[in-house]
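Enquirer: Sending over a structure as structure tokens; questions will come in a sec.
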């Protein structure tokens with residue numbers, strides 16, 4: 001077989017472990033050809049194509065490396081018309097990808113990406129291209145998947161930051177606010193906050209009130225603890241308000257900035273010295289943790305198995321500690337938020353963590 005391989009969307013730790021597993025299994029053990037596609041679907045839209053045949057030498061030593069050796073982009077949607085929103089129509093750029101797929105003689109493509117990338121792959125699947133998806137996102141918000149590549153490393157990074165903020169908060173009797181990524185899902189905030197003893201965790205799924213936060217801070221003061229650590233997901237919002245956005249240096253309007261809003265408001269309400277730390281892209285970079293390296297390997301092997309059995313049009317997912325494959329139609333245009341009955345959520349509240357309600 002000739003298998004195309006790409007990484008799309010935002011980068012995350014563990015991508016190279018997936019690439020390595022696919023090449024070592026499909027090429028090194030079984031003798032099939034893997035074609036690496038650079039910068040997601042962009043590598044197929046450009047002429048000449050930006051692709052290369054992958055060998056064992058190409059993936060040697062990349063298991064522990066962050067990022068992706070194939071490059072990635074979250075601005076290369078072939079179904080997006082210039083100046084407009086993504087469309088369900090087959091665009092000229094989508095035709096370029098289809099032409100490249102046929103010209104290269106690909107039997108299928110394995111697409112490593114989050115919900116946006118998998119949504120694009122699903123549209124190509126509907127055009128007749130054989131697609132297999134592998135979920136990766138630090139946000140852990142892909143529908144039907146219990147855990148995605150990159151999430152555990154992001155949690156470890158955020159957890160370490162919370163622990164560091166704990167000691168300086170206690171030393172100065174400060175309120176420390178840490179803003180973490182996650183878009184409209186609060187998985188990173190919830191897991192890292194629980195792992196590191198945060199006192200308040202604010203999630204997009206639960207609109208918060210300052211009254212609830214203030215009660216928690218006062219409760220701690222009554223116990224003689226004049227410091228607190230608050231973890232805020234970038235998509236969190238006050239009850240009755242809208243998510244907070246900020247404009248990047250490139251002019252893009254991005255979700256984020258709520259940490260500053262929360263810190264300023266709590267200073268006004270309490271008079272306590274309050275500081276804000278925005279963790280940002282540190283959560284995306286660096287060496288993947290052992291779990292993500294293992295998870296990436298499991299996902300890569302399962303995807304090759306699907307390719308060999310010609311079981312296309314599916315996304316590989318980890319569910320209930322088992323590797324599974326589900327149709328693209330059940331994943332596309334959906335995301336997985338923190339459920340109201342989530343066991344982590346219930347455990348956090350049970351031990352006294354304030355969720356802002």
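So that you can scan it fast, the table gives a plain yes or no per residue for (1) assigned to a strand (DSSP E or B); (2) in contact with a helix residue (DSSP H, G or I) (Cβ under 6 Å, 6 or more places away or on another chain); (3) under 30 Å from residue 174 (Cα atoms):
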residue: 281; (1), (2), (3): no, no, yes
residue: 285; (1), (2), (3): no, no, yes
residue: 288; (1), (2), (3): no, yes, no
residue: 294; (1), (2), (3): no, no, no
residue: 300; (1), (2), (3): no, yes, no
residue: 304; (1), (2), (3): no, yes, no
residue: 312; (1), (2), (3): no, no, no
residue: 318; (1), (2), (3): yes, no, no
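Enquirer: Ok, one more. Would you confirm whether or not region 293-312 contains a residue that is closer than 30 Å to residue 161 by Cα and surrounded by fewer than 16 Cβ atoms within 10 Å (Cβ to Cβ)?
Expert: Checking region 293-312: at least one residue is closer than 30 Å to residue 161 by Cα and surrounded by fewer than 16 Cβ atoms within 10 Å (Cβ to Cβ).
Enquirer: Same structure, new question: When the residues of region 94-109 are filtered to those that are within 26 Å of the chain's Cα centre (by Cα) and more than 18 Å from residue 307 (Cβ to Cβ), which remaining residue is surrounded by the most Cβ atoms within 10 Å (Cβ to Cβ)?
Expert: Among residues in region 94-109 that are within 26 Å of the chain's Cα centre (by Cα) and more than 18 Å from residue 307 (Cβ to Cβ), the one surrounded by the most Cβ atoms within 10 Å (Cβ to Cβ) is 97.
Enquirer: Are any of the residues in region 312-320 over 27 Å from residue 3 (Cα atoms) and at pLDDT below 95?
Expert: Yes; the residues of region 312-320 include at least one that is over 27 Å from residue 3 (Cα atoms) and at pLDDT below 95.
Enquirer: So for region 122-140 (the condition being in contact with a strand residue (DSSP E or B) (Cβ under 9 Å, 6 or more places away or on another chain) and under 17 Å from residue 342 (Cα atoms)), does at least one residue qualify?
Expert: yes
Enquirer: Now a separate question. How about region 6-35: which of its residues are more than 30 Å from residue 158 (Cα to Cα) and surrounded by 23 or more Cβ atoms within 10 Å (Cβ to Cβ)?
Expert: Once the filter is applied, which keeps residues that are more than 30 Å from residue 158 (Cα to Cα) and surrounded by 23 or more Cβ atoms within 10 Å (Cβ to Cβ), region 6-35 yields 23, 26, 34.
Enquirer: So, one more: How many of the residues in region 341-354 are in a loop (DSSP other than H, G, I, E, B) and either over 27 Å from residue 218 (Cβ atoms) or modelled with pLDDT under 95 (or both)?
Expert: Selection size over region 341-354: 2.
The values are calculated or read from the model by the stated rules, or taken from the named source; none is laboratory data. Everything numeric here is computed off the predicted structure, so don't read it as measured data. Note: ideal-geometry Cβ built from the backbone for every residue, glycine included; neighbour counts use all protein chains shown.
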